[in-house]
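S.K.: Take a look at this one; I'll ask things after.
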Amino acid sequence: RLRQLRLPSSPQISDELYLRRATLDLTGRLPTAETLSRFIADDATDKRASLTQSLLTSDGFIEYWTFNLAKLFRLRTQQHDEEGAAVYNQWISEQLRNGIGYDQISRALLVAEGDAHTNGPANFWRTTRNARDQAELASEIFMGSRLRCANCHNHPLDHWTQDDYHGLAAIFAKVQQGVIVQAKPTGRVIHPKYLEPAKPKVPGAQFITGSNTNARLEFAQWLTHPDNPYFSKAIVNRIWKQLMGKGLVEPVDDFRSTNPATHPALLELLARDFVDSGFSIKHTITRITASAAYARSADAIETNKFDDQYYSHAIKVPLDAEVLADAIADVTGIHEQYGEQPIGTRAISLLDPAIPSRTLQVLGRCDRSDSCESTTNAIDGLSQKLHQFNGAMINDRISATNSRLTQYIHAGKPVLEIIESFYQVGLSRSMTDVELAYWTKLTDDLETEVDTKHFLEDFVWSLLSSKEFGTKH
């Protein structure tokens, strides 16, 4: 497509930036200074591919992509029931660890029954209040389609009809929601057009007849069939967005003929490759991260600076609130305590997205009561910016008695070495020659220990407040 448009691409990024980008994408965490040193020293020609495989087999990958799927499925505590949320989260984690295909994960959620305190997938049926909400949730997650637009009338911009919407809701009405999830044969929804019980229907396909038919299973089998036109495209589009900053279809839950993909051949290729791999999320991540497009610089050049959809340069994406909170904790060495969780608990590991935290509130976390895919990162707001710059979230941690900076100062580490260390742990790179000359000039004027301490505190503050630190680029 770039060749067709005669649109030059930005150059490939350095090994340092690739390490930072891939580690954030696959584990939600900054690489350590030790990892950075080893990676830069490695002269193997396939070290980027080796890095990806190492990250994919790490506990960090399981933890972070459990967090990503939990956000997609809108996992949160229901009526203060932490036990159900914990079992659900653990189940997702086990599926990823065991390499279970996304088709099997999805089917398990859709046909789940039993005690939500012991059967993780059953908690999927506690996410919404009623069958219609559950139909909207399922269509957006698994089909990338806003079936909700066909509630009161046929979809004005797509082929979905009221029969599709209320037919899927009729399937889900046969489920008794609660701690115990079970079949509810008498469940029904009223079709507003006919004022009669809606007939169960697979969206865009057939009505489901027969009183003994397991309608949920029939829908799940239709949905996850290799030839389904929605299922695979919906998830690979989300994976693409997670890694590339923007979906091939945007919004990612709004697939329709009047909202085509920017690269339809690529979307089709990724979806078919995903199916052929056994619906493997790891496989698709591997394919994308190995591409030249993934490794392009985020620095636009004069001839592609106005491109916002063809990936001639990487998109600078703000870090998720939880990822940024963990990064601030890692760089400063001071971890926030979330509720009654042990000190050191990562923000992405929290089961309850509503747990009190001023940091996460400021950074704009999603509470998962609705889709997290269309919300903007609240750090872009003026009040949140001011709190980030002037509040305790950063300032108090920098000068804490056991912070990374305080320990460096007490150890007598030279000023320029301290600056270089923070570049490595915070930005995953060394200073450039220009930056080294700049900081050398400023540090030459420091006369007292107090001056040096205040200068270094300001330096760390500026690093943590910079766009380079707060974005994936």
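The values are calculated or read from the model by the stated rules, or taken from the named source; none is laboratory data. Note that this is a predicted model, so its numbers are computed, not measured. Please note: Cβ atoms are built from the backbone with ideal geometry, for glycine as well, and neighbour counts cover all protein chains shown. Ligands, DNA and RNA are excluded from the accessible area calculation, which covers all protein heavy atoms including side chains. Shrake-Rupley method; radii C 1.70, N 1.55, O 1.52, S 1.80 Å.
S.K.: Starting from the residue with the highest accessible area, list Glu218, Glu322 in decreasing order, probe 1.4 Å.
M.R.: Output order, biggest surface exposure first: Glu218, Glu322.
S.K.: Among all cysteines in the chain, which have no other cysteine Cβ under 4.7 Å from their own Cβ?
M.R.: Flagged as lacking a Cys partner: Cys149, Cys152.
S.K.: Which entries in the list Lys241/Lys305; Lys282/Lys316; Lys241/Lys282; Lys413/Lys472; Lys174/Lys201 go over 18 Å, if you measure between the two C-alpha atoms of each?
M.R.: Lys241/Lys305; Lys282/Lys316; Lys413/Lys472
S.K.: Find the accessible area per residue for region 231-294; the probe is 1.4 Å, ligands and nucleic acids are left out, and the unit is Å².
M.R.: Accessible area per residue: 35 Å².
S.K.: Related question: To the nearest 20 debye, what is the magnitude of the charge dipole of region 422-473 about its Cα centre, counting +1 on the Cβ of each Lys and Arg and -1 on the Cβ of each Asp and Glu?
M.R.: The calculated dipole for region 422-473 is roughly 460 debye.
S.K.: Hey, what did the chain get for relative contact order, percent, Cα under 8 Å, at least 6 apart?
M.R.: This gives 17 percent for the chain.
S.K.: If I compute solvent accessible area with a 1.4 Å probe over the protein chains, what percent of it on region 221-281 is carbon and sulfur?
M.R.: Whole-percent figure for carbon plus sulfur exposure: 57.
S.K.: A further question follows. Ignoring any ligand, DNA or RNA, what whole percent of the accessible area of region 411-473 comes from carbon and sulfur when the probe is 1.4 angstrom?
M.R.: Roughly 56 percent, rounded to a whole number.
S.K.: If you don't mind, there's one more thing I want to ask. Assuming 0.36 nm per residue, please report the length gained on full extension of the stretch Arg3 to Leu416 beyond their Cα-Cα distance.
M.R.: Between Arg3 and Leu416, full extension yields 144.2 nm more.
S.K.: Take the alpha-carbon centre of region 120-175, take the same for region 298-324, and report the distance between them in whole Å.
M.R.: What the calculation gives is 34 Å, centre to centre.
S.K.: Could you tell me the accessible area of Asp451 in Å² (1.4 Å probe, neighbours in place), rounded to the nearest ten?
M.R.: Here the accessible area works out near 70 Å².
S.K.: Hey, another quick one. From the residues Thr77, Gln134, Gly144, which one has its Cα farthest along the dipole of region 44-158 in the positive direction, the dipole being from +1 and -1 charges on Cβ of Lys/Arg and Asp/Glu about the Cα centre?
M.R.: In region 44-158, that residue is Gly144.
S.K.: With every protein chain left in place, what is the accessible area of Phe469 in Å² (1.4 Å probe, nearest 10)?
M.R.: Counting only protein heavy atoms, Phe469 exposes about 0 Å² to solvent.
S.K.: Show that you can apply the helix-only estimate: for the chain, add -39,500 (n - 2.57) for every DSSP H stretch of four or more residues, divide by all residues, and state [θ] at 222 nm to the nearest 500.
M.R.: -14000 deg cm²/dmol
S.K.: Skip the ligands, DNA and RNA, and give the accessible area per residue of region 24-85 with a 1.4 Å probe, whole Å².
M.R.: That works out to 46 Å² for each residue.
S.K.: Moving to a separate point now. Give me the percent of accessible area attributable to carbon and sulfur for region 121-204, probe 1.4 angstrom.
M.R.: Here carbon and sulfur together make up 52 percent of the probe-accessible area.
S.K.: By the scheme Lys and Arg +1, Asp and Glu -1, what is the net charge of all other residues having a beta-carbon under 13 Å from that of Glu83?
M.R.: -3
S.K.: Which aspartates and glutamates have a Cα lying under 19 Å from the Cα of Lys453, excluding residues fewer than 8 positions away in the same chain?
M.R.: Asp396, Glu417, Glu420, Asp444, Asp445
S.K.: Next question, about the same structure. Based on the Cβ-Cβ distance from Gln407 to Ala49, what FRET efficiency comes out when R0 is 35 Å, to the nearest 0.05?
M.R.: Result of the calculation: an efficiency of 0.45.
S.K.: A follow-up question, please. Can you give me the solvent accessible area of Val87 with a 1.4 Å probe, rounded to the nearest 10 Å²?
M.R.: Probe radius 1.4 Å; accessible area of Val87 about 40 Å².
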